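The values are calculated or read from the model by the stated rules, or taken from the named source; none is laboratory data. Since the model is a prediction, treat every value here as computed from it, not as a measurement. A quick note on method: Cβ atoms are made from the backbone with ideal geometry, for glycine too, and the neighbour counts reach across all protein chains shown. Calculation scope for accessible area: heavy atoms of the full protein, side chains included, ligands and nucleic acids excluded. Shrake-Rupley method; radii C 1.70, N 1.55, O 1.52, S 1.80 Å.
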Amino acid sequence: NDPNVLGVWKARDVSFTTPDDFDPKHPNRPLENLYYKQIEFKEGGVFVSTTKRGINSGACIWTKGLILHKGDKTASAYFIKEIDGVEYLFREWKNGDYVFGNGRAYWLIFTRE
């Protein structure tokens, strides 16, 4: 369990390199261009994501520090970091380029709702 992560997190940006490259004052993408819109961590490992395609509540589960994608068989790290008094959640994103093409993972950045 990880009570600190529970709740809704709104998408804010994406980092194409490392989490350390994220600068809240200089986003990499406009909000309207982000694929993910929000994610929600619920009790009991329930994970709900909202993307441009809609709501998905069955593909992933979570445990402390990891989001597990059942279909892709991936484990993506997450962590919370405070920057200038704002709490950010960094989620590793292992998309199709990673799963099927040996690409690298990206980092999605969210703020608490």
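Annotation: ILE109 fulfils all but one of (1) of a type outside the set (Phe, Trp, Tyr); (2) over 17 Å from LYS10 (Cα atoms); (3) at pLDDT 85 or above; (4) in contact with a helix residue (DSSP H, G or I) (Cβ under 9 Å, 6 or more places away or on another chain); the unmet one is (2).
Among residues of the range 37-58 that are without any contact (Cβ under 8 Å) to a residue 12 or more places away in the chain, those with a Cβ under 6 angstrom from a residue that is of a type outside the set (D, E, K, R) and not in a strand (DSSP E or B), sequence gap 6+ or separate chain, pair up as VAL48/SER57. Remark: pairs (first residue in the range 65-94, without any contact (Cβ under 8 Å) to a residue 40 or more places away in the chain and farther than 12 Å from ARG112 by Cβ; second residue open to solvent by 60 Å² or more (accessible area, probe 1.4 Å) and in a strand (DSSP E or B); Cβ separation under 6 Å; 6+ apart in sequence or on different chains) = LEU68/ILE61; ALA75/LEU66. Tallying residues that are of a type outside the set (D, E, K, R), loosely packed, with under 14 Cβ neighbours inside 10 Å and within 18 Å of VAL8 (Cα to Cα) within the range 60-78 yields 2. Exactly one residue out of PRO19, PRO3, PRO30 is out of contact with any Ser or Thr (no Cβ under 6 Å at 6 or more places or on another chain) and open to solvent by less than 40 Å² (accessible area, probe 1.4 Å): that is PRO19.
The strands (runs of 3 or more DSSP E) located wholly in the range 40-95 that include 3 or more residues which are under 12 Å from the mean Cα position of the chain (by Cα) occupy 47-51, 66-69, 74-83, 86-93.
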